[in-house]
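The structure appears right after this line, and notes come after that.
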Amino acid sequence: MIESEIKKRNTTKYEDRIVAFVDIMGFKNMVDESVNDPYQYAKIKDALRIFRGLKKEKEDPLYDKDIKVTTFSDSLIISYPADYKGGLFYIILDLIYLQFNFSRLGLIIRGGIAMGKLRHIREEIFGPALNKAYSLESQKAVYPRIIIEKETIKIALDRTYDRDFPKEYSLKSEKDDVLSLLKQDVDGFFYLDFLRQYDEFEYADEYYNMLATIGNIIQQGKTLANGDSKLSPKYDWLENYYNSVVKEIKPEAALVS
């Protein structure tokens, strides 16, 4: 009887959506330290303000109401309809700007991007796509990276490419634009290549300041990790990524392990 009543009320079905789940690395330690450290307390508030800023931006009437953002504690979920024109490109760009903004605070984020069935209405969010994005973040990303699987890229591009675009802008062009924001790692996952996105900065100094901040994050993190078997590999990965970028543009800035 109860089951039949639930079925009657369940008139809203899942949607096909692209979804990302991200959280702030090291947040638990920050909270613990914030009890006696006003600087860490203020840093937490600034970090959560970044999440709220993205949520407020997407809730602006100028944006499509079908873009959804949910935040709780140190986590953020953002989703686009699977058929949103350019949706894969835009969600990746949203996350890259999050990475920029968190780096200014000396913080790094980790996440996963998936596609599939999702219910995302205000604070009501659940579905296989969210489970997948969370699994990627919590079990597969491991390092300070936001990852997406190759097959997801292929499917999402096919769904989000606007076939009404002029013929000179082909599906290949859309794919090239998306891949310009990604890099494939040795384990096969693609991750957001945010350190190479200098074109997204208005001034060169802003870009170089971000790189310098990432360098400081790495040095401080490696000191803090002090050979810890769980923490050290995360900063080793970030150092290798950082060095691969700065060697292309400013070799003298590379870190020496």
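Bear in mind that the values in this text are calculations on the coordinates, not laboratory data. Since we're looking at a predicted model, the values are computed, not measured. Note that we place each Cβ from the backbone using ideal geometry, even for glycine, and neighbour counts take in every protein chain shown.
Miscellaneous remarks
- Highest average first, the peptides 172-181, 101-110, 15-24 ordered by how many other beta carbon atoms sit within 10 Å of their residues are 15-24, 101-110, 172-181.
- Dipole size of region 168-250 about its Cα centre, with +1 on Lys/Arg Cβ and -1 on Asp/Glu Cβ: approximately 460 debye, rounded to the nearest 20.
- Of N216, V246, P233, farthest towards positive along the dipole that unit charges on Lys, Arg, Asp, Glu beta carbons give region 201-257: P233
- Share antiparallel - DSSP beta bridges, the chain, percent rounded to 5: 90
- Averaged over residues, the count of other Cβ atoms within 10 Å places the peptides 31-37, 123-129 in the sequence 123-129, 31-37, highest first.
- Positive-end extreme of charge dipole, the chain - chosen from F165, I147, L98 (charges on Cβ): I147
- Virtual spin-label span in nm between Y169 and T213, 7 Å along Cα→Cβ: 3.1
- Residue separation of R104 and K154 scaled by 0.36 nm, minus their Cα-Cα distance, works out to 14.8 nm of gained length.
- Normalised by the number of residues in region 201-257, the mean separation of alpha-carbon contacts (under 8 Å, six or more apart) gives a relative contact order of 27 percent.
- Charge sum, other residues only, whose C-beta stays under 9 Å from F165's C-beta, Lys/Arg counted +1 and Asp/Glu -1: -1
- Reduced Cα scattering model of the chain, Debye log10 I(q)/I(0), q = 0.10, 0.14 Å⁻¹: -0.53, -1.01
- Antiparallel bridges, percent of DSSP beta bridges restricted to region 69-172 (to nearest 5): 70
- The gain in end-to-end length when the T223 to K45 segment is fully stretched comes to 61.6 nm, 0.36 nm per residue minus the alpha carbon separation.
- Distance in nm between pseudo-label sites at D162 and T71 (7 Å out along the Cβ direction from Cα): 2.9
- 19 Å Cα-Cα threshold exceeded, pairs from K13/K175; K132/K175; K117/K154: K13/K175; K132/K175
- Across L211, L118, L171, mean-square fluctuation computed from a Gaussian network of the chain (C-alpha pairs under 10 Å connected) peaks at L171.
- Descending by average beta-carbon neighbour count within 10 Å, the peptides 86-95, 69-78, 44-53 line up as 86-95, 69-78, 44-53, the highest first.
- Relative contact order (%) - region 12-194, alpha-carbon pairs under 8 angstrom, separation at least six: 27
- Among A42, A156, A82, the largest mean-square fluctuation in a Gaussian network model of the chain, built with springs joining Cα atoms closer than 10 Å, belongs to A42.
- Förster radius 41 Å - calculated FRET efficiency between D205 and E33, Cβ distance, rounded to 0.05: 0.85
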